[in-house]
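Here's the structure, in structure tokens; my notes come after.
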Amino acid sequence: MTTAARPVATATHCPYCALQCAMTLTPDAQDRLEVTGRDFPTNRGGLCRKGWTAAELLNSAERLHTPLRRRSDGSFTEITWDEALDRTAAAIAGTRRDHGADAVGVFGSGGLTNEKAYQLGKFARVGIGTSRIDYNGRFCMSSAAAAGRRSLGIDRGLPFPVSDLDEADTVLLLGSNVADTMPPFVQHLSGARARGGLIVVDPRRSATANLTRDGQGLHLQPAPGTDMVLLLGLAHVVVHEGLVDEEFVGTRTEGYRALVRSLAAWWPHRVQALTGVPAALLRTTAHRLAQGRAYILTGRGVEQHTDGTDTAAAAINLALLLGLPGSRHGGYGTLTGQGNGQGGREHGQKSDQLPGYRAITDPAARAHVAGVWGVAETSLPGPGLPAVELLASLGRPGGVRCLLVHGSNPAVSAPDVTAVVEGLRRLDFLVVADFVMSETAAEADLVLPVPQWAEEEGTMTTLEGRVVRRRRAGPPPEGVRDELWILAELAARLDSPASFDDDAETVFDELARASAGGPAEYAGIDYRLLEETGGVHWPCPPGSSGTPRLFLESFGHPDGRARFVPVRPAAPLPDTAPDADLTLVTGRLLEHYQSGAQTRRVTELARTRPESRLEIHPATADRLGLADGQWAEVEAAAGTARARVQVSADVRPDTVFLPFHFGGSERANLATRQLTDPVSGMPEFKTTRVRIRPVLEPDRRTGGGEVHAASAPTGRATDRHAEEEVTNA
Ligand SMILES: Nc1nc2c(c(=O)[nH]1)N[C@H]1C(S)=C(S)[C@@H](COP(=O)(O)OP(=O)(O)OC[C@H]3O[C@@H](n4cnc5c(=O)[nH]c(N)nc54)[C@H](O)[C@@H]3O)O[C@H]1N2
Ligand SMILES: Nc1nc2c(c(=O)[nH]1)N[C@H]1C(S)=C(S)[C@@H](COP(=O)(O)OP(=O)(O)OC[C@H]3O[C@@H](n4cnc5c(=O)[nH]c(N)nc54)[C@H](O)[C@@H]3O)O[C@H]1N2
Ligand code: SF4
Ligand SMILES: [Mo]
């Protein structure tokens, strides 16, 4: 499929989020690509500011063009691809020989194409032989995914097309700020808004909560981390005020009686006392959800907690009581975040999964996938470690000593980044594949420059489970090499028992075979079908044209029924910060994407949002002696982050908000802890007890607030990276 000549206009999708807005790339007179929105059901021609400006990074002076090796003085030197691949393979082989295959780790991403995600999982399991692979989707979709599988038997973020929402009378949006995180999505809420039915649950008056003003809906503003109680309260009203869809519950679910018992104690006034949401608003919300077409959607605000899986389960329970999932008059879903956050969790990057969304512990799944790979089933490793545990094991006895990172910047985005960076520095060998010198790449022994979205072929799976084509608009710069090629070259150097192709379409066809018969089945999809249709929803067995709507007849469990999963709040989180009296909530700004490695390098976005902003209520700011525009320190048990104060009545007086897009001393994850949900391994990103105090100047030594912060060498201890260690490996 790869062609060297540049076509006039290339139809592809945005490099960033899971809405995968369609765009057309057209070269201008200087051969730079211009972005225009293209009609597609998720965006209908619309793009957000990140999408419009996405092409700038293709020609950025900050792009990496050559493999880089860290010298003993800590600086990077350019090397050839042969040397880079030889050194990487030698480090993997040496670590495997001396410490076992599980001492080699792989960290992947929901930003990778399906082909790369699949190949990375296969490379870990058979090229290296390690169980230690996980990915940044653990920080993103793991709680909703675990809850979806437990209750509904299948995890597809939206089990219906986004455009179904256009017909909604009511949309209950919990912990999601789509107005900033997926702006073109907002058009799908206009029907509900016109009918006064957009109900946003967020402790902040977010841009999305603002969409409910003037009678377009309701904003429920609970204390952070109390959503489960709120959902139990809504379910209590549904059960006790005769709003249950009894036919649906009787024919399509299991476990109703136990659920009803579990709801007994959550009467509205008790829930009001615990969440701060008035009992009358709870009643209005419950009654509204029981009329007309209603949808319940969750985002990271309710999922990124130590009880995120159970909170998502509470949302599903509520939806099941109302008969919404798999019905034609409503639905339940979660809004997947990363560009390929959906596909990224289907093809085997997860520590416990094989391609096709199969369990790595399932003997039949192992036999099938081993057959496709041409290896013995017994040679496949078992489950590895979820991301937070994997990162905590770096350089520890029995832990990972050599790590490959593809498509993530955990030095900014993982919880407790101080501990993560210490771990990266304890490693014997760190290899980072990226197209810019991210904060994580800056810690590496070897950096491998890879193409960007507009320079590669592949597929992405959108938030509605639709597989779409990513197309190449032109070649990558000289010196940059595709990850499929890198993995194939490394596998050959490691004498891999399985073969690795470097052509995206060939890899897709293999992925489709590996997924055959699994929950996320792609076996009936090929590039030709994707060209003809513009996109196909999985599951798509051979001969099918895909499944836009799941669960219409049955759920994913063997008996076809959905499960009610009774949940209750756990004890409050331990808090060790002295005098911490405020709750820090972290999240996103419209202009930046994730760790900011990409968007902080786009001029217009960096100019608009050059530094981190701490949103704080006027009364709280007064009490702490903080003025708008001044710098503040956010101190937590794990560490301290800095940000410029933005006084705003949109946050609760007991809550402050920080974005996590910035580097250096402005990393919000200096304050977060490595506490995780026991079911999903999701870190607690949304609530951290903190105290705030004014500072006079931001700490520029660590590069806080500077757009190009990541380019500076980090002063990593170099004695452990002496030449002989690499050559011996
Ligand atoms: N601009 C931009 N867009 C993005 C991204 C980005 O980085 N930047 N990333 C993409 C990705 S990977 C993801 S996962 C999505 C995430 O998209 P969202 O889930 O919309 O993003 P967040 O800002 O993390 O959180 C949403 C809201 O949850 C609220 N919240 C925090 N704590 C709680 C709580 O305890 N309860 C409730 N009910 N709400 C709470 C926050 O105030 C915030 O407004 O966005 C995608 N789109
Ligand atoms: N405090 C706090 N922390 C959070 C969150 C939060 O809400 N609060 N949200 C979490 C969530 S939902 C997510 S998804 C994570 C995301 O956080 P990260 O995993 O750090 O995601 P990105 O910043 O997108 O990092 C992607 C990196 O890979 C590079 N890259 C992009 N495409 C490719 C590719 O195809 N190949 C290779 N090799 N590299 C590529 C980019 O340049 C960038 O350096 O952050 C999590 N961290
Ligand atoms: S909403 Fe997401 S996919 Fe659409 S243009 Fe913005 S970042 Fe890109
Ligand atoms: Mo995410």
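Counting Lys and Arg as +1 and Asp and Glu as -1 over every other residue whose Cβ lies under 12 Å from the Cβ of E464, the net charge comes to +2.
Only Lys, Arg, Asp and Glu carry charge here, each on its Cβ (+1 for the first two, -1 for the last two); on that basis the range 165-300 has a dipole of about 340 debye about its Cα centre. For the range 582-698, a simple Cβ point-charge model (Lys and Arg +1, Asp and Glu -1, everything else neutral) yields a dipole of about 180 debye relative to the Cα centre. Computed from label points 7 Å out along Cα-Cβ, the spacing between Q30 and N59 is 0.4 nm.
For the range 659-675, putting each phi into the Karplus relation 6.51 cos²θ - 1.76 cosθ + 1.60 with θ = phi - 60° gives couplings of x, 10, 8, 10, x, x, 6, 9, 5, 4, 6, 5, 9, 7, 10, 8, 8 Hz, in residue order, rounded to whole numbers and with x for Gly and Pro.
Is the range 179-257 best put as rounded, prolate or oblate by its Cα gyration tensor, with a ≥ b ≥ c the root eigenvalues, rounded for a/c under 1.5, and otherwise prolate when a/b is larger than b/c, oblate when not? Taking the square roots of the gyration eigenvalues as a ≥ b ≥ c, the range 179-257 is prolate. Among the aspartates and glutamates, select those whose C-alpha is under 20 Å from the C-alpha of K50, and discard any that sit fewer than 8 residues away in the same chain. Counting by Cα, and skipping residues close in sequence, K50 has these aspartates and glutamates nearby: D28, E34, D39, E62, D180, D434, E455, E456, E591, E604, E611, E706. Each residue, D559 and A364, gets one label point 7 Å from its Cα in the Cβ direction; the gap between the two is 1.8 nm. Using Cβ point charges alone (K and R +1, D and E -1), the dipole size of the chain about the Cα centre works out to roughly 1560 debye.
In this structure, the amide hydrogen of L614, modeled 1.01 Å from its nitrogen in the peptide plane, lies closer than 5 angstrom to those of R644, V645, Q646, counting only residues at least 5 positions away or on a different chain. What's log10 of I(q)/I(0) for the chain at q = 0.06, 0.11 Å⁻¹, Debye sum over Cα points only, no solvent? Per q value, in the given order, log10 I(q)/I(0) is -0.32, -1.18.
Tell me which GluC sites (Glu not before Pro) from the range 173-248 have a DSSP coil assignment and no more than 15 other beta carbons within 10 Å of their own.
Taking the range 173-248 and a limit of 15 other Cβ atoms within 10 Å, the loop GluC sites (Glu not before Pro) found are E241.
How would you classify the range 10-59 from its alpha-carbon gyration tensor, with a ≥ b ≥ c the square roots of the eigenvalues: rounded for a/c under 1.5, else prolate if a/b is greater than b/c, otherwise oblate? Prolate is the answer for the range 10-59, as a/c is 1.5 or above and a/b outweighs b/c. Across the range 605-612, coupling constants 3J(HN,Hα) worked out from phi with the 6.51/-1.76/1.60 Karplus curve, θ = phi - 60°, read 6, 5, 5, 5, 10, x, 8, 6 Hz, and Gly and Pro carry x. Put the Cα centre of the range 1-74 next to the Cα centre of the range 119-185 and the gap is 23 Å. Here the Karplus curve 6.51 cos²θ - 1.76 cosθ + 1.60, taken at θ = phi - 60°, turns the phi angles of the range 631-639 into couplings of 8, 9, 9, 10, 9, 10, 4, 6, x Hz, with x standing for Gly and Pro. Across the chain, C-alpha contacts under 8 Å between residues 6 or more apart give a mean separation that, scaled by the residue count, equals a relative contact order of 19 percent.
For the range 319-381, chymotrypsin sites (Phe, Trp or Tyr not before Pro) are listed when DSSP marks them as loop and at most 14 other Cβ atoms sit within 10 Å of their Cβ; the list is empty.
Backbone amide hydrogens, once placed in the peptide plane, bring H13 within less than 5 Å of M23, R471, excluding anything fewer than 5 places away on its chain.
In a DSSP loop and with at most 16 other Cβ atoms within 10 Å, the GluC sites (Glu not before Pro) in the range 494-563 are E553. For a straight C-alpha distance cut-off of 16 angstrom, the lysines reachable from K122 (same-chain residues fewer than eight places away being disregarded) are K350. Shape call for the range 143-335 from the C-alpha gyration tensor, a ≥ b ≥ c root eigenvalues: rounded (a/c under 1.5), prolate (a/b greater than b/c) or oblate? In terms of gyration-tensor shape, rounded. May I ask for the net charge around H347, where only other residues with Cβ less than 13 Å from the Cβ of H347 are counted and Lys, Arg are +1 while Asp, Glu are -1? In short, +3. A crude spin-label estimate for the pair R425 and A9, with each label 7 Å from Cα along the Cβ direction, gives 5.2 nm.
Every number in this text was worked out from the coordinates using simple rules, so none of it is lab data. Remember, it's a predicted structure, so these values are computed and weren't measured experimentally. No Cβ is skipped: glycine too gets one built from the backbone with ideal geometry, and neighbour counts run over all protein chains shown.
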